[in-house]
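Each reported figure results from applying straightforward, stated rules to the coordinates on display, with no laboratory input. Not measured: the values here are computed from a predicted model. Backbone-built Cβ (ideal geometry, glycine too); neighbour counts: all protein chains shown.
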Amino acid sequence: MKSPVLSVVALAALFLVACGPNEAEIAAAKEKVTADSLAAAAAAEHAYTLDASASMLNWAANVTGPAPYGHKGNISLNSGAFSVQGGLLKSGTFEVNMTSIAPTDSAYQPEGSKQGTKSQLIGHLTTAEFFDTANNPTAKLVITGVTGNTATADLTIRGTTNAETITDIVITENADGTAKASGKLTFDRQKYGVAWKHFVKDAILSDSIELTVELTGTAQ
């Protein structure tokens, strides 16, 4: 006669096999765990420290009149940090080196000319008529709110702070722990005391200064 204990054990084993998850259910459970993990990672806020050497602020300003022209260039950033959540910009603070203003266009006279040279423009932009970099060597941008690919920010130039809007924000997070962020901002120079007037009355420097921000960050 078989042992009653063995019979009970055998029945229990058969019950567990019969009631346990099948292969499809196991696979589905694994997929759910993976999906939940990816969703949690996507929802997490990722913080990045600005790589100043790989980041740049590009500017453009136009002069209108009988022969309209313009200048463009770049400015370096000293430091900064930003965070990304769900593939969107979440926050950010950046310090700009105003003493690094550098034109990159070619609308200049040869160096040594009486006027219109690149070095003369750089010197002009750093004076009190423009950005007064001797007394205001840095500018600051602080993100105050984000909706989709548009952000509001406090911009400080020459010690004056105004609310501005950043548009066309694009964020790319990379597997190597770096992130790219770009966006556009146009501000009215008059609001910051950059009130220079062109010496030719028919040639007017636009009040609108266009900025394109290109940032690279490394994960904190």
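One table, with the values for the structure above:
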quantity	calculated
Note, ³J(HN,Hα) from phi for region 111-120, Karplus 6.51, -1.76, 1.60, rounded to Hz, x at Gly and Pro	4, x, 6, 5, 7, x, 8, 5, 5, 5
Which of HIS124, HIS46 has the fewest Cβ neighbours within 10 Å, and the rest in rising order	HIS124, HIS46
Relative contact order computed over region 126-188 (Cα-Cα under 8 Å; 6+ residues apart), in percent	22 percent
Given LYS140/LYS184; LYS72/LYS191; LYS32/LYS180; LYS72/LYS184; LYS140/LYS191, the pairs whose alpha carbons are separated by over 22 Å	LYS32/LYS180
Two-decimal ratio, region 19-135, of alpha-carbon radius of gyration to 2.2 N^0.38 Å	1.92
Table column - 3J(HN,Hα) (Hz), region 171-187, Karplus curve with 6.51, -1.76, 1.60, x for Gly and Pro	10, 10, 9, 10, 5, 7, x, 9, 9, 10, 9, 9, x, 10, 9, 10, 10
Region 45-219: Cα Rg divided by the 2.2 N^0.38 Å rule of thumb	1.09
